[in-house]
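Step one of this worksheet: look at the structure below.
The values are calculated or read from the model by the stated rules, or taken from the named source; none is laboratory data. Since we're looking at a predicted model, the values are computed, not measured. Cβ: placed from backbone, ideal geometry, glycine included. Neighbour counts: every protein chain shown. Just the protein is used for accessible areas: all its heavy atoms, side chains included, with ligands, DNA and RNA removed. Shrake-Rupley method; radii C 1.70, N 1.55, O 1.52, S 1.80 Å.
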Amino acid sequence: MPAFFREKFFSSEKKIAFSLQLFYTVPMEEKNELPIKTYQFKFTPLMIAVISVGILLCAACFALTTWQFLGFLSGDITSAYEWMKYVLLYFTSVFLAILLSGLLIRSRYIVTDKLLITQFGIVKSKYPIRKIRSVCLLNGSKKLNLYFDDFKTKYMTIVVKEDWYDEFVQTLISRNESIEFDFSSAEDEMNGKKKK
């Protein structure tokens, strides 16, 4: 490499100036991320009872399958049909027990910077917070409804403890200040039902 070329383009002063210039010209992103908030889904006592009965039935199915499987092992164990039957029964009872337990334990609403995530067991749905148009508290039925600009998702009812309504609404508004808050009385709800 010729000396004039090396001095012109690769001198140590040029490298320092270039690296300092690069350091100060790169835009630095400020991360003002709000904390992720989680709100547990509020099941009715009837739903808790139904899910609990389902889990107990899965446990009973598992125990009954084990009892029948032990009887099968003492007899003719060459039947491929019987082996498949027990594998399928074990798999079904364990899968349903996990599904129902997950539904009871991991049903919640998660509010991130840009998304409202609903999680019911293993099922997750994501909704952009920027598409939420308004939040309405229905005093008659004690429900909190979210209304969307989206044609696909017109509204969603939030089912959390009533004590968390204010915090939930404030969390959404802090992430999208254009969300309007409204409430309706029991009379407004009755008039709305009569019009339909």
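Some observations on this one:
- Gain on full stretching of the segment that runs from Ile48 to Asp182 - 0.36 nm per residue minus C-alpha separation: 45.1 nm
- If you plug the beta carbon distance of Ser74 and Thr38 into 1/(1 + (r/R0)^6) with R0 = 35 Å, you get a FRET efficiency near 0.10.
- Rg/Rg_ref, segment 76-177, where Rg_ref = 2.2 N^0.38 Å and atoms are Cα: 1.61
- Rolling a 1.4 angstrom probe over the protein heavy atoms with all chains in place gives segment 108-180 an accessible area of 57 Å² per residue.
- Local electrostatic count, Lys124, Cβ distance below 13 Å [Lys/Arg +1, Asp/Glu -1]: +3
- Interchain or long-range residues, amide H under 5 Å from Gly121's placed H: Arg106, Ser107, Arg108
- 5 angstrom amide H check on Tyr155, placed H, neighbours 5+ away: Phe148
- Rg(Cα) / (2.2 N^0.38 Å) computed for segment 35-125, rounded to two decimals: 1.53
- Relative contact order (%) - criterion: Cα under 8 Å, at least six apart; region: segment 59-133: 21 percent
- For Tyr165, net neighbour charge (Lys/Arg +1, Asp/Glu -1) across residues whose Cβ lies under 14 Å away: 0
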